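S.K.: This is the structure I have questions about; it appears just below.
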Amino acid sequence: IHEMHSHARVVWRVAFRHGARGYAVQHASVSPGKRWYFCHPEERASGLRLPDAMYVFNQGTTELLRPCYDGTKFLLGCSHRFSHWKGLTASRDGKGGHYLFVGALASFDNDVLIESLRRLVEGPARPTGVRLRLRLHPQAEVGTGDRGWIRSRLEDGSIESSHGIPLQDDIAGALAVVGMGTTVLEEALLLGCPVVQLTHPDYLSNIALSGLRGAVTVDCRDLSAGHLAEASRRGVDRGALRESLGLDQPTVTYARLF
């Protein structure tokens with residue numbers, strides 16, 4: 001389960017009542033934008049309980065969380081969710097010639113992604129000779145209006161769909177991957193594909209890519225063909241991302257936990 005969502009907090013409280021130790025395993029990248037990780041003193045004073053031990057991907061995450069987790073012991077490890085990324089060996093070649101726009105599950109993430117794609121397609125500086133491919137999460141929350149716009153743009157050839165294409169193949173053929181808070185951005189960097197991370201002033205970032213070589217951050221309202229072209233020429237530091245995701249740490253299995 002997500003280690004600090006509301007149902008996890010119930011688990012830690014029940015464990016405390018019964019004198020059991022609580023262990024948590026980091027589920028995804030931690031960033032200041034994920035506010036549920038950072039409890040307030042008032043919550044602790046009202047009875048919030050936290051895990052006795054927490055496996056995190058890297059030392060930087062430990063330092064980020066430690067001020068809010070007095071009494072929690074931090075250990076290093078890789079979550080089972082990302083363990084299959086340890087052996088990623090395929091590389092991006094860009095031969096597909098497309099820019100891959102990837103959405104997440106949350107509705108606001110898709111709203112931002114589709115709006116940036118709309119501005120790019122319908123704006124005065126509309127790119128020519130550039131393939132724009134959209135890949136949505138299978139359970140994506142997309143409004144009726146956006147779905148209609150996507151259908152129209154697919155019909156007139158302004159954009160194309162990733163339907164039926166394996167994710168790794170889609171990334172390998174891309175010139176760059178564009179998204180907001182999806183973990184596909186992280187997977188793209190691991191495959192050597194540069195990424196453009198969209199931001200919006202109304203939302204905090206769910207993943208922290210700032211400072212990683214190969215990642216460009218752009219306000220969604222300003223995205224241009226120039227940003228895409230510039231990103232496609234960037235080199236990628238796979239090692240830095242491997243470290244941030246704990247891929248060089250032992251996988252935290254149930255046997256290791258118990």
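S.K.: Summing Lys, Arg as +1 and Asp, Glu as -1, what charge do residues with Cβ under 10 Å from the Cβ of ARG133 carry, ARG133 excluded?
M.R.: On the way: positive: ARG131, ARG135; negative: GLU160, ASP170.
Summing Lys and Arg as +1 and Asp and Glu as -1 gives 0.
S.K.: Right, next: Students often forget the sequence filter, so: which lysines lie under 28 Å Cα-Cα from LYS34 once same-chain residues fewer than 8 apart are removed?
M.R.: LYS73, LYS86
S.K.: Continuing with this model, one more query. Report, as a whole number in µm² per second, the diffusion coefficient that Stokes-Einstein gives for segment 12-125 at 4 °C and 1.567 mPa s using the Kirkwood radius over alpha carbon pairs. Walk me through the intermediate numbers first.
M.R.: Values: Rh = 17.9 Å.
D, rounded to a whole number, is 72 µm²/s.
S.K.: Can you give the accessible area per residue of the chain, in Å², using a 1.4 Å probe?
M.R.: Values: 12690 Å² over 258 residues.
So the chain comes to 49 Å² accessible per residue, rounded to a whole number.
S.K.: Something else about it: Kindly provide the helix-only [θ] at 222 nm of the chain, computed as the sum of -39,500 (n - 2.57) over DSSP H runs of four or more divided by all residues, to the nearest 500 deg cm²/dmol? Each step should come with its number before you reach the end.
M.R.: Details: 11 runs with 88 residues, N = 258.
Calculated at 222 nm, the ellipticity per residue is -9000 deg cm²/dmol.
S.K.: Can I ask one more? Rounded, prolate or oblate: which one fits segment 42-95, using the alpha carbon gyration tensor with axes a ≥ b ≥ c (rounded when a/c is under 1.5, else prolate when a/b beats b/c, else oblate)?
M.R.: Numbers: a/c = 3.30, a/b = 2.90, b/c = 1.14.
The shape class here is prolate.
S.K.: Express the relative contact order of the chain as a whole percentage, based on alpha carbon pairs under 8 Å and six or more residues apart in sequence.
M.R.: Details: 449 pairs, mean separation 59.9, N = 258.
Value for the chain: 23 percent.
S.K.: I've got another one for you. Which shape class, rounded, prolate or oblate, goes with segment 97-216 when its Cα gyration tensor gives a ≥ b ≥ c as root eigenvalues, a/c under 1.5 marks rounded, and past that a/b bigger than b/c marks prolate? Present the calculation step by step, with values, prior to reporting the outcome.
M.R.: On the way: a/c = 1.41, a/b = 1.20, b/c = 1.18.
In terms of gyration-tensor shape, rounded.
S.K.: Using Cα-Cα distances under 8 Å and only pairs 6 or more residues apart, what relative contact order does segment 34-82 have, in percent?
M.R.: Details: 39 pairs, mean separation 20.2, N = 49.
Here the relative contact order equals 41 percent.
S.K.: According to the square roots a ≥ b ≥ c of the eigenvalues of the Cα gyration tensor, what is the shape class of segment 1-56, taking rounded for a/c under 1.5, prolate for a/b larger than b/c otherwise, and oblate for the remainder? The partial results should precede the final answer.
M.R.: Details: a/c = 2.12, a/b = 1.25, b/c = 1.70.
Note, shape of segment 1-56 comes out oblate.
S.K.: Could you rank the peptides 184-196, 237-249, 16-28 by their average count of other C-beta atoms within 10 Å per residue, with the highest value first? Please report the intermediate quantities before stating the final value.
M.R.: Details: 184-196: 24.5, 237-249: 18.7, 16-28: 15.5.
Highest to lowest by the protection proxy: 184-196, 237-249, 16-28.
The values are calculated or read from the model by the stated rules, or taken from the named source; none is laboratory data. Just so it is clear, the structure is predicted and the values come from calculations on it, not from any experiment. Cβ sites come from the backbone with ideal geometry, for glycine too, and all protein chains shown count toward neighbours. Just the protein is used for accessible areas: all its heavy atoms, side chains included, with ligands, DNA and RNA removed. Shrake-Rupley method; radii C 1.70, N 1.55, O 1.52, S 1.80 Å.
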